[in-house]
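Only the coordinates and a few stated rules stand behind these numbers; no lab work does. As the structure is a computational prediction, the values presented were derived from the model and not from experiment. When we count neighbours, we look across all protein chains shown, and the Cβ atoms used for this are built from the backbone with ideal geometry, even at glycine.
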Amino acid sequence: MTTWGFALYVVVFAILLSLPVRQLIFNFSVRRLQVRLQRTLSDEELAGQRRRAWVLATFVCLVFSFFFSANIVGIPDYG
């Protein structure tokens, strides 16, 4: 597998994982914050939690996708 093919594989896999991971992080963070504050969150707070979940999910999915792909497909060598 070429380097570009491996990179494409990693990015596509990360994109496919991002939606469920983002929803999971968002749900956990909103529930934790609601319990801690003992009230429902405002729209601004929910938007902030969505942005936070998007950033975390992007990082987690890219890292997981790289290591998973490296283990399954193998990192391409240059020789």
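Values as computed for the structure displayed
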| item | result |
| --- | --- |
| Top-ranked residue in the stretch 43-58 [being among the basic types (Lys, Arg) and surrounded by 13 or more Cβ atoms within 10 Å (Cβ to Cβ); ranked as nearest to residue 72 (Cα to Cα)] | 52 |
| The one condition in (1) surrounded by fewer than 15 Cβ atoms within 10 Å (Cβ to Cβ); (2) among the hydroxyl-bearing types (Ser, Thr, Tyr); (3) in a helix (DSSP H, G or I) that residue 40 fails to fulfil | (3) |
| Pairs where the first residue, in the stretch 10-35, is free of Cβ contacts under 8 Å to residues at least 24 places away in the same chain and farther than 30 Å from residue 74 by Cα and the second is of a type outside the set (Gly, Ala, Ser) and crowded, with 17+ Cβ neighbours inside 10 Å, C-beta under 9 Å, 6+ apart | 30/49; 33/49 |
| Among (1) on the phi > 0 side of the Ramachandran plot; (2) surrounded by 13 or more Cβ atoms within 10 Å (Cβ to Cβ); (3) not β-branched (Val, Ile, Thr) - the single one residue 13 does not satisfy | (1) |
| From the options 57, 53, residue that is touching a Phe, Trp or Tyr at 6+ places or on another chain (Cβ under 6 Å) and among the aliphatic types (A, V, I, L, M) | 53 |
